[in-house]
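What follows is one structure encoded as structure tokens, with my remarks underneath.
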2 protein chains.
Amino acid sequence: MQNFVAYNPVKLFFGKGVTDKLGKNAVKIGKKAFLVYGKGSVVRNGIYDIVKSQLESNGIEVVEYNGIKSNPVVEDVDKASQIALAEGVDFIVAVGGGSVIDSSKIISLTVANNCSAWGIMKGEVRPKKALPIMAVLTLAATGTEMNMFAVLQNHETKEKIGFGHPLVYPKESYLDPAFTLSVPESYTAYGIADLIVHVLESYFGAGEAHLSDKFIYAIIQEAMEAGPELLLDLNDYTLRERIMWAATNALNGLTFYGKENGDWGVHDFGHNLSLLYDIPHGASLTIVLPAWLRIIARKTPERVIQLGKALFNTNNVEETILFVEDMFKKINCPVRLTQVGVSLDKKEEIVTQLNQKQAKGSNYEFTEEERAEMVSLMFS
Amino acid sequence: MQNFVAYNPVKLFFGKGVTDKLGKNAVKIGKKAFLVYGKGSVVRNGIYDIVKSQLESNGIEVVEYNGIKSNPVVEDVDKASQIALAEGVDFIVAVGGGSVIDSSKIISLTVANNCSAWGIMKGEVRPKKALPIMAVLTLAATGTEMNMFAVLQNHETKEKIGFGHPLVYPKESYLDPAFTLSVPESYTAYGIADLIVHVLESYFGAGEAHLSDKFIYAIIQEAMEAGPELLLDLNDYTLRERIMWAATNALNGLTFYGKENGDWGVHDFGHNLSLLYDIPHGASLTIVLPAWLRIIARKTPERVIQLGKALFNTNNVEETILFVEDMFKKINCPVRLTQVGVSLDKKEEIVTQLNQKQAKGSNYEFTEEERAEMVSLMFS
């Protein structure tokens, strides 16, 4: 194992009705809240009203920013930060999924350190402080509610990059599975895919960490038990609960302790696809992964076999890859580019983009030929 | 799932040489340390010198208390607290295993709230504050390094009870697996048994929490992979590492999220055996568990079968019980009372004690006949 520090200061409230305490807890954090949310689904499903009335009935002044996009962009963060600065808010209440909470994490740094969002993302500004964040999660997927990471896109530079800093752990996160009952089938599926790929990124990271591997299997098994069932009945609270808690554990540190790193190659390839064709994040991952795994299996067959043994009761590399692909099919996720409307004539464009961006993760090098082969596999 | 709060503020440093930072980190916590340890093994193996020189070379004044017993007693805590109060220490550095760290947790409360240890343990005093604790772990077993619990024994009242309060989470814990290399075979084995029983106490708690169940299987599998091997080569650092990290995760909250409670029946029976014959904690658990499981299997066969399926690939209750017993044999732990020198003529004495103390956990009632049957099984 690699030396590590296990530390996660997030106070996470889980279960039906947990936001009942949000207002009272908020009073201990600040007086003027910056309520950040997306394009209005939280208004339509009533979660906005619940949170806002929690704050206002406890005497907290509320300033709002809405319109965070589902692939969140740095421009929104800068716009929001200007409002937050002008209004002098003391803390942020992020209501939404990964995009809203990730954006709020960067807003909390740009406001507290009076700097640009891209400066933070690119590591050009070293943040010294942050506004506290209360997160109300409405989508089970990214794990942002219990970690220190954020991913943002920059339209100008055509980049989508990740950032991490201990200052942006949410102070408190509220996870009411009932708040995810209205998530449509596609995004429910993408969320399940996202959590599975998170733990696989850890699995294919460098370094040996046996217990982390076993936690990875546990999380994938949980997702595969509850996920397909949930897609048959989106109103099942118990299944929503299981997926929500699995998604949190998929990226809260647990599966990374003792490893040198995660690979994040699937995410890098996927981000590039999302940038080109605005493919939802989860869908981009399930399209990339089977193709990526086929290349990776040549580089580390023993690791693929170990996964096959643990999850699918097979010692065979090829079978393992097919089982992984099948796993995504069982949660109704696309596994080929044509399934998201990208036609074969885009092949060259994609290969060029991936090679230009040198798409890869931390642990495995890719030749230009391998990237081209991967793209072929994503169409095959 | 039951509603829950996931919150664990411990900053845990894991790996070879992590105490190199202890002194510098201590400076941020206080100026005068209360160094608490046991009966001298940490002096003999050099860990005491490492920690003391970390503190002193960073200008921290050190006051000491040693002699904490391996079944820690409330009398030591009160004695230590008087010294700590008189000396005006600002924080505690606990160097040892569960007994030292548990005692230090209660010292931190008795000193900060100026009260008796038993008053805290029995819930008669409500603590308002605590001295910060830095824990340096030298034995992989109880998980105290990353939780808010302590167990103490009271010779006068012949009780051994547990206590929990968020104030006693260690502020920082230092886990260098090399510090456990000198732990003898018996205590290495008891530590492995302890961690396995911790997750089984959660498993047999009330409430359905699927992911927690899967984490329980993961931890037991890890212990069963690394444990028997470690007992063949006590100097294997990598195996020490695996057992140390498994023990921490066995009782840091992870396996309890979403459950109503843990059962803790095996511990209750085991504590009573330890009180009567001074049996080491881990050994008492492995003697109790097979007998306890045989009674429990009548009350909840489906839960036993689920365990058998997950861990031993069997659907059979009887086989599962035998596999569990075999698991303890593989780590050289006793599974009958005669193996720890308690002879059959003590049977009545034990039955009387267990019935007098109404030994049981949170979830399953025991009749006097069932307790007598359990004791017979522990001799059979």
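The values are calculated or read from the model by the stated rules, or taken from the named source; none is laboratory data. These numbers were taken from a predicted model, which means no experiment stands behind them. Cβ placement follows ideal geometry from the backbone for every residue including glycine, while neighbour counts extend to all protein chains displayed.
For A:E302, only one of the following conditions fails: (1) of a type in the set (D, E, K, R); (2) within 14 Å of chain B (Cβ to nearest Cβ); (3) assigned to a helix (DSSP H, G or I). What is its number?
With respect to (1) of a type in the set (D, E, K, R); (2) within 14 Å of chain B (Cβ to nearest Cβ); (3) assigned to a helix (DSSP H, G or I), A:E302 is out only on (2).
Could you check the stretch A:1-106 for strands (runs of 3 or more DSSP E) lying wholly inside it with 3 or more residues that are surrounded by 15 or more Cβ atoms within 10 Å (Cβ to Cβ) and within 14 Å of chain B (Cβ to nearest Cβ)?
Values: elements: A:4-14, A:32-36, A:61-65, A:91-96.
Of the strands (runs of 3 or more DSSP E) lying wholly inside the stretch A:1-106, those with at least 3 residues that are surrounded by 15 or more Cβ atoms within 10 Å (Cβ to Cβ) and within 14 Å of chain B (Cβ to nearest Cβ) span A:4-14.
Take the residues of the stretch B:144-153 that are surrounded by 24 or more Cβ atoms within 10 Å (Cβ to Cβ) and under 9 Å from the mean Cα position of the chain (by Cα): which is farthest from the other protein chains (Cβ to nearest Cβ)?
Step by step, filter the stretch B:144-153, then rank; the result is B:A150.
May I ask you to say which residue of B:T314, B:T300, B:T338, B:T367 is at pLDDT 95 or above, touching a Leu at 6+ places or on another chain (Cβ under 8 Å) and assigned by TED's automatic domain parsing to the domain that holds B:I220?
Details: B:T314 fails: touching a Leu at 6+ places or on another chain (Cβ under 8 Å); B:T300 fails: touching a Leu at 6+ places or on another chain (Cβ under 8 Å); B:T367 fails: touching a Leu at 6+ places or on another chain (Cβ under 8 Å).
After ruling out the rest, the residue left standing is B:T338.
Quick check: anything in the stretch B:193-209 facing chain A (nearest Cβ under 7 Å) and either over 18 Å from the mean Cα position of the chain (by Cα) or more than 26 Å from B:T180 (Cα to Cα) (or both)? I'd like the intermediate steps shown before the answer.
Residues of the stretch B:193-209 facing chain A (nearest Cβ under 7 Å): none.
Within the stretch B:193-209 (the criterion being facing chain A (nearest Cβ under 7 Å) and either over 18 Å from the mean Cα position of the chain (by Cα) or more than 26 Å from B:T180 (Cα to Cα) (or both)), the answer is no, since none of the residues qualifies.
Among the numbered criteria (1) among the polar types (S, T, N, Q); (2) within 13 Å of chain B (Cβ to nearest Cβ); (3) under 17 Å from A:S212 (Cβ atoms), which one does A:N261 miss?
The one condition A:N261 does not meet is (2).
Within the set of pairs 6 or more residues apart or between chains, which connect a residue that is in the same structural domain as B:Y169 (by TED's automatic domain parsing) inside the stretch B:106-118 to a residue that is acidic (D, E) with Cβ atoms less than 6 Å apart?
Sorted first by the residue in the stretch B:106-118, then by its partner, the pairs are B:A117/B:D78.
Can you find even one residue in the stretch B:144-156 that is over 25 Å from B:L195 (Cα atoms), at pLDDT below 95 and part of a loop (DSSP other than H, G, I, E, B)? Outline the logic, then answer.
Going through the stretch B:144-156, the residues over 25 Å from B:L195 (Cα atoms) turn out to be B:155-156.
Filter once more, keeping what is at pLDDT below 95: B:155-156.
Imposing the further condition that a residue be part of a loop (DSSP other than H, G, I, E, B) reduces the set to B:155-156.
For the stretch B:144-156, residues over 25 Å from B:L195 (Cα atoms), at pLDDT below 95 and part of a loop (DSSP other than H, G, I, E, B): present.
Report, ordered by the first and then the second residue, all pairs with beta carbons closer than 8 Å, sequence separation of six or more or different chains, a first member in the stretch A:199-214 that is closer than 23 Å to A:G282 by Cα, and a second member that is in a helix (DSSP H, G or I) and charged (D, E, K, R).
Pairs found: A:Y203/A:D213; A:Y203/A:R303; A:F204/A:R303.
Restricting attention to the stretch B:231-243, does a residue exist that is under 17 Å from B:A372 (Cα atoms) and at pLDDT 95 or above? First the steps, then the outcome.
From the stretch B:231-243, those under 17 Å from B:A372 (Cα atoms) are none; that's our starting set.
Checked the stretch B:231-243: no residue is under 17 Å from B:A372 (Cα atoms) and at pLDDT 95 or above.
Does the stretch A:357-370 contain any residue that is within 25 Å of the chain's Cα centre (by Cα) and in a helix (DSSP H, G or I)? Walk me through it before giving the result.
In the first step, residues of the stretch A:357-370 are kept if they are within 25 Å of the chain's Cα centre (by Cα); the result is A:357-366.
After this cut, where a residue has to be in a helix (DSSP H, G or I) as well, the list is none.
Within the stretch A:357-370, none of the residues are within 25 Å of the chain's Cα centre (by Cα) and in a helix (DSSP H, G or I).
B:T255 versus (1) more than 11 Å from every other protein chain (Cβ to nearest Cβ); (2) in contact with a helix residue (DSSP H, G or I) (Cβ under 9 Å, 6 or more places away or on another chain); (3) farther than 21 Å from B:F13 by Cβ; (4) not small (G, A, S): which is the lone unmet condition?
Among (1) more than 11 Å from every other protein chain (Cβ to nearest Cβ); (2) in contact with a helix residue (DSSP H, G or I) (Cβ under 9 Å, 6 or more places away or on another chain); (3) farther than 21 Å from B:F13 by Cβ; (4) not small (G, A, S), B:T255 violates only (1).
Among the listed residues A:L35, A:L12, which satisfies the condition of being more than 25 Å from B:N252 (Cβ to Cβ) and touching a residue at least 60 places away in the same chain (Cβ under 8 Å)? Before you say what the answer is, go through the steps one by one.
Numbers: A:L12 fails: more than 25 Å from B:N252 (Cβ to Cβ).
On inspection, the qualifying residue turns out to be A:L35.
Return the residues of the stretch A:173-201 that are within 18 Å of A:D20 (Cβ to Cβ) and surrounded by fewer than 24 Cβ atoms within 10 Å (Cβ to Cβ); say none if nothing qualifies.
Applying the first criterion (within 18 Å of A:D20 (Cβ to Cβ)) to the stretch A:173-201 yields A:173-181.
A:P177, A:A178, A:L181, listed by residue number.
For every residue, the table says whether it meets (1) aliphatic (A, V, I, L, M); (2) touching a Ser or Thr at 6+ places or on another chain (Cβ under 8 Å); (3) within 24 Å of A:L239 (Cβ to Cβ).
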site: A:M1; (1), (2), (3): yes, yes, no
site: A:G15; (1), (2), (3): no, no, yes
site: A:V18; (1), (2), (3): yes, no, yes
site: A:K31; (1), (2), (3): no, no, no
site: A:Y37; (1), (2), (3): no, no, no
site: A:G40; (1), (2), (3): no, no, no
site: A:I47; (1), (2), (3): yes, yes, yes
site: A:I50; (1), (2), (3): yes, yes, yes
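Given (1) in a helix (DSSP H, G or I); (2) modelled with pLDDT of 95 or more; (3) more than 14 Å from chain B (Cβ to nearest Cβ), where does A:G282 come up short, assuming only one miss?
Unmet condition: (2).
Considering only residues that are in contact with a Leu (Cβ under 6 Å, 6 or more places away or on another chain) and more than 15 Å from B:Y65 (Cα to Cα), which ones fall in the stretch B:98-128?
B:A112, B:I120, B:M121, B:P127
Identify all residues within the stretch A:107-137 that are part of a helix (DSSP H, G or I) and of a type outside the set (G, A, S); write none if there are none. Steps first, please.
So the first thing to find is which residues in the stretch A:107-137 are part of a helix (DSSP H, G or I), and the list is A:107-113, A:117-121.
Once the filter is applied, which keeps residues that are part of a helix (DSSP H, G or I) and of a type outside the set (G, A, S), the stretch A:107-137 yields A:I107, A:L109, A:T110, A:V111, A:N113, A:W118, A:I120, A:M121.
Among the residues of the stretch A:217-249, how many are more than 9 Å from chain B (Cβ to nearest Cβ), hydrophobic (A, V, I, L, M, F, W, C) and either crowded, with 24+ Cβ neighbours inside 10 Å or within 22 Å of the chain's Cα centre (by Cα) (or both)?
As a first pass, look at the stretch A:217-249 and keep what is more than 9 Å from chain B (Cβ to nearest Cβ): A:220, A:223-224, A:227-237, A:239-240, A:243-244, A:247.
When the remaining residues are screened for being hydrophobic (A, V, I, L, M, F, W, C), the result is A:220, A:223-224, A:230-232, A:234, A:239, A:243-244, A:247.
In the following step, the residues that additionally are either crowded, with 24+ Cβ neighbours inside 10 Å or within 22 Å of the chain's Cα centre (by Cα) (or both) were identified as A:220, A:223-224, A:230-231, A:234, A:239, A:243-244, A:247.
Counting residues in the stretch A:217-249 that are more than 9 Å from chain B (Cβ to nearest Cβ), hydrophobic (A, V, I, L, M, F, W, C) and either crowded, with 24+ Cβ neighbours inside 10 Å or within 22 Å of the chain's Cα centre (by Cα) (or both) gives 10.
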